[in-house]
Amino acid sequence: QVQLEESGGGSVQAGGSLRLSCAASGLPDSIHAMGWFRQAPGKEREGIATISTRASTTYYADAVSGRFALSQDNAKNTVYLQMNTLKPEDTALYYCAAETSSRWPQKLLSSGEYNYWGQGTQVTVSS
């Protein structure tokens, strides 16, 4: 079975850091991208980062550019989201996602382009 399991969420004060992990299992060989999304209560799901699984090329939303970094460890079938200089507006449920396609991404992908999703991990940033 395909499984994406996020971990590393929690509560942190503004200016602090967290590292989210997404452990994947059972994914098909055709995975071309992994990504992170977030959704706050009453708001739309927001795409924040995409990584090409071929060359580890990353793409970020403007809201997190320069503060967040997406990376992957293929040997461990895990992707990470390093979150620095956290702000209260970063508070949300963070989701990991994977997609299959015929080519590797060259931009930040939208939610509709992903095929598999984790259950999410909560990040709360206090002022």
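The values are calculated or read from the model by the stated rules, or taken from the named source; none is laboratory data. All values reported here derive from a predicted model rather than from experimental measurement. Neighbour counts are summed over all protein chains in view; Cβ atoms, including those assigned to glycine, are modelled from backbone coordinates with ideal geometry. The area values use the complete protein model at the heavy-atom level, side chains included, leaving out ligands, DNA and RNA. Shrake-Rupley method; radii C 1.70, N 1.55, O 1.52, S 1.80 Å.
Per-residue SASA remark: TRP104, around 100 Å² accessible (1.4 Å probe; ligands, DNA and RNA not included). Candidates ASN77, CYS22, ALA63 compared by Cα position along the dipole of the chain: farthest toward the positive end lies ALA63, with charges placed on Cβ. In this label model, ASN74 and GLN106 are separated by 2.1 nm, measuring between points 7 Å along each Cα→Cβ vector. Stretched out straight at 0.36 nm per residue, the stretch from ASP29 to GLN13 would grow longer than its current Cα-Cα span by 1.9 nm. Within the listed set SER111, SER21, SER65, the residue fluctuating most in the Gaussian network model of the chain (springs between alpha-carbon atoms under 10 angstrom) is SER65.
Suppose R0 equals 30 Å; then what is the FRET efficiency for GLN122 and THR57 from their Cβ-Cβ distance, rounded to the nearest 0.05? Don't jump to the answer; show the numbers that get you there.
Details: r = 28 Å, r/R0 = 0.95.
Result of the calculation: an efficiency of 0.60.
As a length-normalised measure over Cα pairs under 8 Å and 6 or more apart, the relative contact order of the chain settles at 36 percent.
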